[in-house]
1. Tell me, yes or no, whether region 154-161 has at least one residue that is out of contact with any helix residue (DSSP H, G or I) (no Cβ under 8 Å at 6 or more places or on another chain) and closer than 30 Å to residue 306 by Cβ.
2. If I ask for residues that are closer than 19 Å to residue 319 by Cα and either within 16 Å of ligand 2 (Cβ to nearest atom) or assigned to a helix (DSSP H, G or I) (or both), which ones from region 227-262 would you list?
3. Which residues, counting only those in region 22-70, are hydroxyl-bearing (Ser, Thr, Tyr) and either away from ligand 1 (no atom under 12 Å from the Cβ) or within 30 Å of residue 106 (Cα to Cα) (or both)?
4. List the pairs whose first member sits in region 297-325 and is surrounded by fewer than 16 Cβ atoms within 10 Å (Cβ to Cβ), whose second member is in a loop (DSSP other than H, G, I, E, B) and of a type in the set (Gly, Ala, Ser), and whose Cβ atoms are under 6 Å apart, counting only residues at least 6 apart or on separate chains?
5. Looking at 60, 71, which one is within 28 Å of residue 121 (Cα to Cα), among the basic types (Lys, Arg) and within 16 Å of ligand 2 (Cβ to nearest atom)?
6. For residue 152, which of the numbered conditions (1) of a type outside the set (Val, Ile, Thr); (2) touching a strand residue (DSSP E or B) at 6+ places or on another chain (Cβ under 8 Å); (3) farther than 16 Å from residue 71 by Cα; (4) surrounded by fewer than 20 Cβ atoms within 10 Å (Cβ to Cβ) fails to hold?
7. Condition first: over 30 Å from residue 214 (Cβ atoms), free of Cβ contacts under 8 Å to residues at least 40 places away in the same chain, in contact with a strand residue (DSSP E or B) (Cβ under 7 Å, 6 or more places away or on another chain) and outside any loop (DSSP other than H, G, I, E, B). Can you find one or more residues in region 130-145 that meet it?
8. Looking at 29, 40, which is the one that is farther than 30 Å from residue 196 by Cα, within 16 Å of ligand 2 (Cβ to nearest atom) and at pLDDT below 95?
Amino acid sequence: MKLSEIGEFGLIGRFAGKFKSLIPQGITGIGDDCAILPVGDGNDLVITTDMLVEDIHFTKSMISPIDLGHKSLAVNLSDIASMGAIPVGSFLSIAIPDSYDVQYLDELMEGYYQLSEELQVPLLGGDTTRSGNKLVLNVCAIGKIKSGRAKLRASARSGDIIAVTGYLGDSAAGLKALVENFPRSSNVDWLIKCHQRANAHVAEGAWLGGIEHVNAMMDISDGIASDLMHILVASSKAACINLDRLPVSPQLKETSALHGLNTIKLATSGGEDYCLLVTILEDEFDSVAKKFQEEFNRPLYPVGNILEGSPGISWMSDGKRVDSPGRGYDHFV
Ligand code: ADP
Ligand code: MG
């Protein structure tokens, strides 16, 4: 059987079940953005690992070493944020081809340090090895949250408002601008920056983690079309998304008009947005959104509702049901 027939998540599903019986009670394993381990002092640790592979996740000519180092940590801290947790440390493993020089690696570590310093998240260890001809970066991040408070993918409830914490599609548009060599303008530069300098919503995640009425949460790494499905499958719920409400930056709107980009496709399946996808108790949404605005000086964007039903998304626009705008990113399909 070819991997493309089952995809990334089909593959994980083939072995995840087998390991379940080895997991002691109280520990949450494969299936959420992080694993959850109680540590007995009133806190749980949340742990995640994410890998960046040259020519799969990044191309050397399209991202500076400093941005790449920053991104390798940011994508992991995004998973910590998605549990509602506070990051406490990271581990970094690097496999380096001979062609990479020390200056490149110093700059990479400078980018990693900048984010570590900004968020006061120390690097605690890792591994360094030689590689064939591709650079591989694997980060493991650890976070902390009060026992039992982690926000799961499996806790969405019928009627919940689905919301996102930031603009969608900018990073994917920035990558497209780089690959297709768009003429530079302030809008294009801004989109490229969004792609190169991943902005994990670490403060937002920790804040939402403290709000009781936030039911489910995850980060958007593969695009809302694919990521929301993870919440729906884990929670055994359906959803309705209003495409007209997806938050799109003015920079993406203007660039889309100029270059004929499919804004909706970028916003739903572009990926690498690294903002948070939350479901919030319907009656409490306005109050949470108001407090979010006061705290972060920008809106929490409502984009749809959780519904009773088998996992699936109904897409709406202009009050009418429309076709699915496409699936999110899968490594093998
Ligand atoms: P995320 O995008 O939030 O990092 P993924 O979609 O990569 O999560 O992974 C989904 C789930 O599958 C996570 O719980 C992750 O820990 C788990 N997972 C992915 N690959 C593996 C693997 N090779 N071995 C064990 N668990 C895995
Ligand atoms: Mg995630």
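The values are calculated or read from the model by the stated rules, or taken from the named source; none is laboratory data. Note that the structure is predicted; figures quoted are calculated from it, not measured. Neighbour counts run over all protein chains shown; Cβ positions are idealised from the backbone, glycine included.
1. yes
2. Answer for region 227-262, where residues must be closer than 19 Å to residue 319 by Cα and either within 16 Å of ligand 2 (Cβ to nearest atom) or assigned to a helix (DSSP H, G or I) (or both): 243, 244, 245.
3. Of everything in region 22-70, those that are hydroxyl-bearing (Ser, Thr, Tyr) and either away from ligand 1 (no atom under 12 Å from the Cβ) or within 30 Å of residue 106 (Cα to Cα) (or both) turn out to be 48, 49, 59, 61, 64.
4. Hits for this filter: 308/158.
5. None of the other options fit; the residue is 71.
6. Residue 152 satisfies all of (1) of a type outside the set (Val, Ile, Thr); (2) touching a strand residue (DSSP E or B) at 6+ places or on another chain (Cβ under 8 Å); (3) farther than 16 Å from residue 71 by Cα; (4) surrounded by fewer than 20 Cβ atoms within 10 Å (Cβ to Cβ) except (4).
7. yes
8. 29
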